[in-house]
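Enquirer: This is the structure I want to talk about, given as structure tokens.
The values are calculated or read from the model by the stated rules, or taken from the named source; none is laboratory data. This one's a predicted model, so the numbers in the text were calculated from it and none came from an experiment. Because the Cβ atoms are built from the backbone with ideal geometry, glycine has one as well, and the counts that use them run over all protein chains shown. Only protein heavy atoms, including side chains, enter the accessible area calculation; ligands, DNA and RNA are left aside. Shrake-Rupley method; radii C 1.70, N 1.55, O 1.52, S 1.80 Å.
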Amino acid sequence: MKKTRLFYFLILLLFISCGNDIELYTKELSPRLANNLEVVKAITHYKHKGETQKIKALLFLLKNMDGHYAVSNVLSKEYDSILSPKEFGGQLPANETKYGIALQKLIVLEEKYKGIKSTLTKIRYDNQVLVSDYLIENIDASFEVWKKSPWAKDLSFDDFCETILPYRADREPIHHWRKKAYENFSWVMKTNPQIDRISACSIINDSLKKVLSNMIEMNMYPKRLTYDKMYKFKLGICEDETTFAVLAMRSVGLPVGIDFVPQWPWRSMGHSWNYLLLEDGRTVPFMGTETNPKVPHFEKDKKGKVFRKTFSKQETTLAQIEKDHSKIPDFFKSPYLKDVTHLYGKTYDVTIPLESPTYGEEKYVYLSVFDNQEWVSVDWAVSKQKEATFKNVEGGIVYLPLYYRQQQFLSAGHPVVVNEKGEATQLIPNKDKTQTLKLKRKYPLHKRMDDYLKNMIGGRIELSNHADFRKPYVMATIEAKPKPYLRTIKAMDTIGKYKYIRYLSSAQDSGRCNVAIFNVYGRNNRGSIKLKGELIGTNRSYRGYGAEKRMAFDDDPSTFFDAPEEEWGKAWVGLKFEEPSAVFSVDFMPRNDTNTIFEGQEYELFYWDKGWQGLGKKIANDSRCISFEKVPLGALYLLHNYSGGNEERIFKYENGKVHWY
């Protein structure tokens, strides 16, 4: 206690002795920081050493840090322990089994703390945990690599402050990372004195790919990961991957940062990736731990709006313009966003008609995209005379204007389609003119799912009386991409009896034996009977996620067998009957997204008119399509399945065709 008092007394004397000199540096800081003894200590440290540029760097951090923070949670220690299993030496294994091990342990804790985890989350702002020694250590290390790295020597001071100097990349906890990361990657500086930034970035990223892998279920972890924990856990979400790349590369003077889509305009969720600042001032995207610069990463996907995360406050953000943050949505309360949509595609300034609010005037209006369940705001503009102009907007997307009042979003007008030329067309339901909609899906077939189906071409249903299936009778072969429906395959040979039946995956490298339903039937005097037997086939599942062969026999179209990667192209699943049996037919369904129409399930079609308006529930009597009559023309539509499933997508309907958005 006496030592602590003496320390602060000496600092106070130092502050008094420096007097007006310190005030010259702190006059632009907030009162809280200007009077902070840790700030005085850091400024005095560099002032006595005559390092004026480092004082400028320190002031850059101090002026911009007040809105930066990390999230903490008291449960993180327990999550740390289960992700550091003793049976594997205190860290997850480096091979594919890490996914299944982590997932099973995370699910246990999620169930244990369901409903209370979020209540234990706390925000810790950087200026509340400010330590001068940490800032000095960070500044000194960043200056050293700025001057030392072959690829950083021509970097301007402003770019240095934004892309190398910051002590954090995103929302990860404040921790000591520079020394460890530098030890890991400083060897790259010695490979070639003339190495350029793209080459250095690619070399380091190739190393990171061997350490950290993406697993979306890591969003169950109650806070973001530190540099050391990324090495230890080996798993993270895209925000962890981008942070990992930033910390690793900034430690050796590579100017990198993070760009992100707050919400995809064609699916749920958003996405983050990295950018590298090139020698000529341009930036090139890459994905930390996944893809290197110049390798396409979601290049052709619609993004709507793209922002760059900055350490410095951006004066054009709504957070800086509107001082009363209670009047604006949470996303726009951050001053650390820079609109870079134009770097990722052709953009336009789009003017959208507005409807006047019934309760009075609104200063701001927000542009939103649909996330499968609700509208998510991604941009803002000032409302002017019943219209608003949004800048830097991508075409080929449906947007909805919204007002924000008392923490609620309210309709500000009709949805608009912005085409590839930047022309905006309102989608206004015409209740005087109606049409019949015939729908086959409630969500578009994603390319990834389409690829799964294509990879089943060449798969076979085989019968045999030998456990090794030598000389099998081939009941059916998949000769074209199967449709994601349940179908009945009848045997041509109804006389022979067999002990074994199986589905053998395609010999293609990515034939994963993705069977969702595999029910086998015989016949007796009373008709068709379901044949039972011992489950046989390839053991385990892809990455240990649990999608094992039993999933093909659970009569649930949403589950499926997904073979381990080393078995792709030869995996199989089947039954061993109690005695040789005559097979009459097989009900077969490939892996699917359950977004097709299912006979017997309940659906309702909605159209947008200041909110979703339902047209009445209906039971599907066919698995090929469902029809809705007397539907207002020209509207935006959404098909909902009350019987199950989460994915739903907005669409237009013109000339008998669905146009997804």
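Enquirer: Among the residues of the stretch 191-200, are any surrounded by 20 or more Cβ atoms within 10 Å (Cβ to Cβ) and within 24 Å of Phe260 (Cα to Cα)?
Expert: yes
Enquirer: Could you please find all residues in the stretch 109-119 being within 23 Å of the chain's Cα centre (by Cα), of a type in the set (D, E, K, R) and in a helix (DSSP H, G or I)?
Expert: Glu110, Glu111
Enquirer: Can you tell me which residue among Lys47, Lys3, Lys56, Lys27 is open to solvent by 100 Å² or more (accessible area, probe 1.4 Å) and at pLDDT 90 or above?
Expert: On the way: Lys47 fails: open to solvent by 100 Å² or more (accessible area, probe 1.4 Å); Lys3 fails: at pLDDT 90 or above; Lys27 fails: at pLDDT 90 or above.
When all the criteria are applied, what remains is Lys56.
Enquirer: With the requirement that a residue be closer than 17 Å to Asp140 by Cα, among the aliphatic types (A, V, I, L, M) and part of a helix (DSSP H, G or I), what does the stretch 151-190 give you?
Expert: Within the stretch 151-190, Ala181 is the sole residue that qualifies.
Enquirer: Within the bounds of the stretch 322-333, is there any residue that is buried (at least 18 other Cβ atoms within 10 Å of the Cβ), β-branched (Val, Ile, Thr) and not in a loop (DSSP other than H, G, I, E, B)?
Expert: no
Enquirer: Sticking with this structure for a sec: Looking at the stretch 151-173, which of the residues that are acidic (Asp, Glu) and farther than 26 Å from Glu38 by Cβ is surrounded by the fewest Cβ atoms within 10 Å (Cβ to Cβ)?
Expert: As a first pass, look at the stretch 151-173 and keep what is acidic (Asp, Glu): 154, 158-159, 162, 170, 172.
After this cut, where a residue has to be farther than 26 Å from Glu38 by Cβ as well, the list is 154, 159.
Values: Asp154: 8, Asp159: 15.
Among those that are acidic (Asp, Glu) and farther than 26 Å from Glu38 by Cβ, it is Asp154.
Enquirer: Which of the residues belonging to the stretch 227-242 are outside any helix (DSSP H, G or I), crowded, with 22+ Cβ neighbours inside 10 Å and free of Cβ contacts under 8 Å to residues at least 60 places away in the same chain? So that I can check it myself, show each step before the final result.
Expert: The initial filter retains those residues of the stretch 227-242 that are outside any helix (DSSP H, G or I), namely 234-237.
Next, only the ones that are crowded, with 22+ Cβ neighbours inside 10 Å stay: 235-236.
If the condition is that a residue be outside any helix (DSSP H, G or I), crowded, with 22+ Cβ neighbours inside 10 Å and free of Cβ contacts under 8 Å to residues at least 60 places away in the same chain, then Gly236 is the only one that fits.
Enquirer: Find all pairs meeting these conditions: Cβ atoms under 6 angstrom apart; at least six residues apart or on different chains; first residue within the stretch 20-34 and more than 16 Å from Thr52 (Cβ to Cβ); second residue hydrophobic (A, V, I, L, M, F, W, C).
Expert: Listed by first residue and then by second, the contacts come to Leu29/Leu62; Leu33/Val39; Leu33/Leu62.
Enquirer: For the stretch 415-432, give me each residue that is open to solvent by less than 30 Å² (accessible area, probe 1.4 Å) and either of a type in the set (Val, Ile, Thr) or within 26 Å of Ile328 (Cβ to Cβ) (or both).
Expert: So the first thing to find is which residues in the stretch 415-432 are open to solvent by less than 30 Å² (accessible area, probe 1.4 Å), and the list is 415-418, 422, 427, 429.
Across the stretch 415-432, the qualifying residues are Pro415, Val416, Val417, Val418.
Enquirer: Let me ask something additional. Please go through the stretch 569-608 and pick out each residue that is in contact with a Lys or Arg (Cβ under 7 Å, 6 or more places away or on another chain) and more than 23 Å from Ala620 (Cα to Cα). Outline the logic, then answer.
Expert: So in the stretch 569-608, the residues in contact with a Lys or Arg (Cβ under 7 Å, 6 or more places away or on another chain) come out as 571-574, 576-577, 580-582, 584-585, 588, 595-597, 602-604.
If the condition is that a residue be in contact with a Lys or Arg (Cβ under 7 Å, 6 or more places away or on another chain) and more than 23 Å from Ala620 (Cα to Cα), then Ala571, Trp572, Val573, Gly574, Lys576, Phe577, Pro580, Ser581, Ala582, Phe584, Ser585 are the ones that fit.
Enquirer: Identify, please: which residue in the stretch 129-150 is under 25 Å from Ser72 (Cβ atoms) and assigned to a loop (DSSP other than H, G, I, E, B) and is, among those, most open to solvent (accessible area, probe 1.4 Å)?
Expert: Within the stretch 129-150, the match that is most open to solvent (accessible area, probe 1.4 Å) is Val131.
Enquirer: Being surrounded by fewer than 17 Cβ atoms within 10 Å (Cβ to Cβ), in contact (Cβ under 8 Å) with a residue 12 or more places away in the chain and farther than 26 Å from Ser272 by Cβ is the requirement here; does Lys338 meet it? I'd like the intermediate steps shown before the answer.
Expert: Numbers: surrounded by fewer than 17 Cβ atoms within 10 Å (Cβ to Cβ): yes; in contact (Cβ under 8 Å) with a residue 12 or more places away in the chain: yes; farther than 26 Å from Ser272 by Cβ: no.
Considered against the rule, which asks whether it is surrounded by fewer than 17 Cβ atoms within 10 Å (Cβ to Cβ), in contact (Cβ under 8 Å) with a residue 12 or more places away in the chain and farther than 26 Å from Ser272 by Cβ, Lys338 comes out as no.
Enquirer: How many residues are of a type outside the set (A, V, I, L, M, F, W, C) and either buried (at least 22 other Cβ atoms within 10 Å of the Cβ) or assigned to a helix (DSSP H, G or I) (or both) when one looks only at the stretch 565-580? Outline the logic, then answer.
Expert: Just the residues of the stretch 565-580 that are of a type outside the set (A, V, I, L, M, F, W, C), to begin with: 565-567, 569-570, 574, 576, 578-580.
Subset that is either buried (at least 22 other Cβ atoms within 10 Å of the Cβ) or assigned to a helix (DSSP H, G or I) (or both): 565-567, 574.
The total comes to 4.
Enquirer: Now for a separate question. Does the stretch 174-187 include one or more residues that are at pLDDT 95 or above, closer than 19 Å to His68 by Cα and surrounded by fewer than 18 Cβ atoms within 10 Å (Cβ to Cβ)?
Expert: Checked against the condition, which is being at pLDDT 95 or above, closer than 19 Å to His68 by Cα and surrounded by fewer than 18 Cβ atoms within 10 Å (Cβ to Cβ), the stretch 174-187 yields at least one hit.
Enquirer: Filter the stretch 297-322 down to the residues that are basic (Lys, Arg) and at pLDDT 95 or above and list them by number. If you could, list the steps in order and put the result at the bottom.
Expert: Applying the first criterion (basic (Lys, Arg)) to the stretch 297-322 yields 300, 302-303, 305, 308-309, 313.
Lys302, Lys303, Lys305, Arg308, Lys309, Lys313 - these are the residues of the stretch 297-322 that are basic (Lys, Arg) and at pLDDT 95 or above.
Enquirer: Now for a separate question. Within the stretch 459-512, can you find the residues that are part of a loop (DSSP other than H, G, I, E, B), in contact (Cβ under 8 Å) with a residue 60 or more places away in the chain and β-branched (Val, Ile, Thr)?
Expert: Thr494, Ile495, listed by residue number.
Enquirer: Which of the residues that make up the stretch 37-86 are among the acidic types (Asp, Glu) and within 20 Å of Met218 (Cα to Cα)? Give the steps one after another, and end with the answer.
Expert: So the first thing to find is which residues in the stretch 37-86 are among the acidic types (Asp, Glu), and the list is 38, 51, 66, 78, 80.
Listed by number, the residues that qualify are Glu78, Asp80.
Enquirer: When residues of the stretch 516-567 are filtered for being basic (Lys, Arg), without any contact (Cβ under 8 Å) to a residue 40 or more places away in the chain and either at positive phi or touching a helix residue (DSSP H, G or I) at 6+ places or on another chain (Cβ under 6 Å) (or both), how many remain? Step through it out loud before you land on a result.
Expert: Of the residues in the stretch 516-567, the ones basic (Lys, Arg) are 523, 526, 530, 532, 540, 543, 549-550.
Add one more test, that the residue is without any contact (Cβ under 8 Å) to a residue 40 or more places away in the chain, and what stays is 526, 530, 540, 549-550.
From what's left, either at positive phi or touching a helix residue (DSSP H, G or I) at 6+ places or on another chain (Cβ under 6 Å) (or both): 540.
So the count comes out to 1.
Enquirer: If Asp126 satisfies all but one of (1) of a type in the set (D, E, K, R); (2) closer than 24 Å to Lys47 by Cβ; (3) surrounded by fewer than 18 Cβ atoms within 10 Å (Cβ to Cβ), what's the number of the condition it fails?
Expert: Checking Asp126 against (1) of a type in the set (D, E, K, R); (2) closer than 24 Å to Lys47 by Cβ; (3) surrounded by fewer than 18 Cβ atoms within 10 Å (Cβ to Cβ), the one that fails is (3).
Enquirer: If we keep just the residues of the stretch 458-508 that are among the aliphatic types (A, V, I, L, M) and open to solvent by 70 Å² or more (accessible area, probe 1.4 Å), which is modelled with the lowest pLDDT? Please lay out each step first, then the result.
Expert: First, the residues of the stretch 458-508 that are among the aliphatic types (A, V, I, L, M): 461, 463, 467, 474-476, 478, 480, 486, 489, 491-492, 495, 501, 504, 507.
Filter again for open to solvent by 70 Å² or more (accessible area, probe 1.4 Å), leaving 486, 492, 495, 507.
Numbers: Leu486: 90, Met492: 81, Ile495: 70, Ala507: 88.
If we take residues in the stretch 458-508 being among the aliphatic types (A, V, I, L, M) and open to solvent by 70 Å² or more (accessible area, probe 1.4 Å), then Ile495 is modelled with the lowest pLDDT.
Enquirer: Restricting to the stretch 608-652, give me the number of residues that are open to solvent by 20 Å² or more (accessible area, probe 1.4 Å), in contact with a strand residue (DSSP E or B) (Cβ under 7 Å, 6 or more places away or on another chain) and assigned to a strand (DSSP E or B).
Expert: So the answer is 14.
Enquirer: Can I ask one more? Quick check: anything in the stretch 374-382 outside any strand (DSSP E or B) and open to solvent by 90 Å² or more (accessible area, probe 1.4 Å)?
Expert: Looking only at the stretch 374-382, we keep the residues that are outside any strand (DSSP E or B), and these are 374.
Then drop every residue that is not open to solvent by 90 Å² or more (accessible area, probe 1.4 Å), which leaves 374.
Taking every residue of the stretch 374-382 in turn, at least one turns out to be outside any strand (DSSP E or B) and open to solvent by 90 Å² or more (accessible area, probe 1.4 Å).
Enquirer: Go through (1) within 23 Å of Leu212 (Cβ to Cβ); (2) open to solvent by 30 Å² or more (accessible area, probe 1.4 Å) and name the single condition Lys114 misses.
Expert: Result: Lys114 fails condition (1) only.
Enquirer: Across the stretch 87-108, which residue is nearest to Met220 (Cα to Cα) among those that are assigned to a helix (DSSP H, G or I), hydrophobic (A, V, I, L, M, F, W, C) and open to solvent by less than 80 Å² (accessible area, probe 1.4 Å)? Write out each step before concluding.
Expert: Taking the stretch 87-108 as the starting set, the residues that turn out to be assigned to a helix (DSSP H, G or I) are 87-88, 97-108.
Then keep just the ones that are hydrophobic (A, V, I, L, M, F, W, C); that gives 88, 101-103, 106-108.
Checking which are open to solvent by less than 80 Å² (accessible area, probe 1.4 Å) leaves us with 101-103, 106.
Values: Ile101: 14, Ala102: 11, Leu103: 10, Leu106: 7 Å.
Out of the qualifying residues, it is Leu106.
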